[in-house]
1. Give, in whole angstrom and from largest to smallest, the semi-axes √(5λ) of the equivalent ellipsoid of the chain, with λ running over the eigenvalues of the Cα gyration tensor.
2. Calculate, axis by axis, the spread of Cα positions in the stretch 32-138 along the three principal axes, and write the results as whole Å, longest axis first.
3. Got a sec? What order do D142, D104, D166, D225 fall in by accessible area at 1.4 Å, biggest, i.e. largest, first?
4. Quick one: with all protein chains in place, what share of the accessible area of the stretch 158-256 is carbon or sulfur, to the nearest percent (1.4 Å probe)?
5. Apply the Debye scattering formula to the stretch 89-161, with a single equal point scatterer on each alpha-carbon and no solvent, then give log10 I(q)/I(0) at q = 0.16, 0.21, 0.24 Å⁻¹.
6. Say we join alpha carbon atoms closer than 10 Å with springs in a Gaussian network model of the chain; which of Y131, Y257, Y276 then has the biggest fluctuation?
7. Would you work out which of L89, S14, I334 lies farthest towards the positive end of the dipole of the chain, given +1 charges on the beta-carbon of Lys and Arg and -1 on that of Asp and Glu, about the Cα centre?
8. Quick one: grab the alpha carbon gyration tensor of the stretch 123-244, order the square roots of its eigenvalues as a ≥ b ≥ c, and give me rounded if a/c is under 1.5, else prolate or oblate depending on whether a/b is larger than b/c.
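The values are calculated or read from the model by the stated rules, or taken from the named source; none is laboratory data. Note that the coordinates shown come from a computational prediction; the quantities given were computed from them, not determined experimentally. Every residue, glycine as well, gets a Cβ built from its backbone with ideal geometry; the counts of neighbours run over all protein chains shown. Keep in mind that these areas ignore ligands, DNA and RNA; they rest on the heavy atoms of the full protein, side chains included. Shrake-Rupley method; radii C 1.70, N 1.55, O 1.52, S 1.80 Å.
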Amino acid sequence: MGFKILEYLQPFCSFLPEVSKPERKIQFREKVLWTAITLFIFLVCCQIPLFGIMSSESADPFYWLRVIMASNRGTLMELGISPIVTSGLIMQLLAGTKIIEVGDSVKDRALFNGAQKLFGMLITVCQAFVYVVTGMYGEPSDLGMGICLLIIIQLLCAGLIVLLLDELLQKGYGLGSGISLFIATNICETIVWKAFSPATINTGKGTEFEGAVIALFHLLATRTDKVRGLREAFYRQNLPNLMNLMATVAVFLIVIYFQGFRVDLPIKSAKYRGQYSSYPIKLFYTSNIPIILQSALVSNIYFLSQILSSKFAGNIFVNLIGTWAESGYQRYPIGGLCYYLSPPETISHIIT
């Protein structure tokens with residue numbers, strides 16, 4: 001029965017664009033070029049704002065997960081890799097639990113990949129529709145039916161672009177996985193921006209630069225008490241500070257150090273006497289896939305909880321999923337399941 005479900009989806013999968021496999025071996029220089037073009041397209045989409053939105057200054061429901069989801073608020077990359085990861089997670093669960101049956105033949109794998117891509121586009125449409133209906137870009141009554149439909153089409157096209165870019169790299173035209181590269185690119189862009197951003201923000205104590213490094217020199221130059229200015233540069237609240245930057249660099253160095261750890265298991269041949277070999281097992285054997293899957297699952301729970309909380313505030317079942325509070329452009333959970341799924345911000349939060 002599971003096999004028939006994939007067969008039923010085959011006519012719909014034929015309408016989706018597909019990247020063909022290379023007919024020859026792709027040279028390393030060409031792979032580097034295709035990878036650079038892919039990342040350039042992704043970065044450009046991260047900077048192109050959605051046409052027709054009235055406001056994106058409301059609290060961001062995905063503020064803490066945008067780095068992992070490789071998304072950017074109010075742009076074509078609003079959804080990021082969330083539809084791809086979510087569709088892959090659900091399809092793998094369905095296949096693993098034998099709800100849908102997938103064979104080892106080339107045809108079965110092609111049907112499964114096509115169904116996963118189709119499901120990803122369906123999730124993209126659903127998420128885009130919910131984003132528009134819940135008022136993330138302005139009240140739907142103020143936007144009008146045409147603009148709402150235009151925003152959904154833009155997000156759908158952007159989701160299709162992400163799918164094709166990821167498929168382009170997976171088919172062997174580029175280096176690595178598209179999802180991992182998009183996440184790494186988004187993280188690097190965020191770190192550089194938070195460290196050297198020239199944008200100014202009025203904090204109530206005066207105008208300060210958003211970038212942590214630029215803010216250090218600005219605070220030392222403008223504060224009469226240099227020690228106090230240095231303390232603000234390291235520990236200022238609600239803006240990037242040097243402690244954030246140093247902690248990020250420290251985590252990178254620790255991960256790179258432990259990435260090289262491995263255990264070599266000795267293997268002895270049962271057929272040939274005296275023949276020995278070793279099988280290396282890395283300490284970080286699972287890579288970043290569990291983190292990506294966990295982030296995709298938590299992001300969907302967060303989004304559902306915030307929608308229900310805004311529409312049915314005070315309902316006991318909605319409060320069990322999560323209750324939320326706003327702080328500027330951020331929303332953070334203060335109770336329910338979402339609160340216990342959210343990471344602690346300070347040591348005192350860990351203790352309490």
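1. Numbers: eigenvalues 281, 183, 100 Å².
Over the Cα atoms of the chain, the semi-axes work out to 38, 30, 22 Å.
2. Largest first, the stretch 32-138 extends 48, 38, 24 Å along its Cα principal axes.
3. Details: D142 105, D104 155, D166 10, D225 80 Å².
Final ranking, largest accessible area leading: D104, D142, D225, D166.
4. Details: 3850 of 5450 Å².
Here it works out to 71 percent.
5. Debye intensities relative to I(0), on a log10 scale: -0.66, -0.85, -0.99.
6. In the Gaussian network model the winner is Y276.
7. Working it through, the farthest residue towards the positive pole turns out to be L89.
8. Numbers: a/c = 4.20, a/b = 1.63, b/c = 2.58.
Judged from the Cα gyration tensor, the stretch 123-244 comes out oblate (a/c at least 1.5, b/c at or above a/b).
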